Amino acid sequence: MTTMAQAIQSIVERAGYSLSSEDIKKKVEAAYPGKWRPTTLQAHLYACSVNNPKGYIHHPYATKFLYKNSDGTFEFYSEKKHGPNEWAPTEGEEDEGGAIELVEASISLERDIEEHLINNLHILEPGLTLVARQYNTEVGRIDILAEDKNGTRVIIELKVGGAKDSVIGQIARYVGWFAREDGQPPRSIIVASEFPEGVRYAATMIQGLTLLTYRVNFSFEQALLA
């Protein structure tokens, strides 16, 4: 008996390219008429997506084999292409009350910081200009791609909270890929709230890498009563 996940996996595998959710639902319906409701299929697409943090909370037992692209399409997750799975909870983390709110707050904060950086790249380094955000490469997606005043590419990766060891490998992949494509390595910047000693040691092995910490400042004002 074919499960919904197996049906989706088979459709995406046969296609061999990114598919929209509507395309996947139509193909599943054509192959298995009337077997599953479209809304259930839609929910399953998100449940099976590696880079959907909520999926690990709402659907912890669903097999994660899809990767959702920035344009809303889905494809098979590949660590080589998309980078290591940094969305899954680490071992020992518990799904306690408030976990959903914590994930949503983290995602919202990262988006807010990224938006602020894109509009104010000069605070990272004078002369930086934006090339693209969420830039796709064969080895993963870069948060922000910029150029410095000399025209050199600058990879900018943002991490909410402290940086982990995996971000060094992530940057190394991007640097290596651009070095092959352009014939010269790009510079890179990692932005995080803190860098553990081990990460700082590893960072010294990547030429042209800069580590920058951010601080979030809150301000409050009294709201007018209706």
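The single condition among (1) under 22 Å from the mean Cα position of the chain (by Cα); (2) modelled with pLDDT under 95; (3) surrounded by 12 or more Cβ atoms within 10 Å (Cβ to Cβ) that P185 does not satisfy is (1). Does any residue of region 200-207 turn out to be more than 21 Å from the chain's Cα centre (by Cα), over 21 Å from V139 (Cα atoms) and not hydroxyl-bearing (S, T, Y)? Taking every residue of region 200-207 in turn, at least one turns out to be more than 21 Å from the chain's Cα centre (by Cα), over 21 Å from V139 (Cα atoms) and not hydroxyl-bearing (S, T, Y).
Within this structure, A132 fails the test of being farther than 30 Å from E181 by Cβ and modelled with pLDDT of 80 or more.
Considering I206, I171, the condition of being of a type in the set (V, I, T), farther than 16 Å from P84 by Cα and in the same structural domain as D148 (by TED's automatic domain parsing) is satisfied by I206 alone.
So, in region 40-67, of the ones that are over 23 Å from K26 (Cβ atoms) and not in a loop (DSSP other than H, G, I, E, B), which residue ends up farthest from the chain's Cα centre (by Cα)? Selected residue: H58. Could you identify the single residue in G198, G140, G161 that is closer than 24 Å to A88 by Cα, surrounded by fewer than 14 Cβ atoms within 10 Å (Cβ to Cβ) and either at pLDDT below 90 or of a type in the set (D, E, K, R) (or both)? After applying the criteria, what remains is G161. Would you please name the residue that is farthest from the chain's Cα centre (by Cα), looking only at residues in region 1-17 that are more than 13 Å from L45 (Cα to Cα) and touching a residue at least 24 places away in the same chain (Cβ under 8 Å)? The extreme case among them is T2.
The values are calculated or read from the model by the stated rules, or taken from the named source; none is laboratory data. A quick note: this is a predicted structure, and the numbers were derived from the prediction, not measured. Don't worry about glycine lacking a Cβ; one is built from the backbone with ideal geometry, like all the others, and counts go over all protein chains shown.
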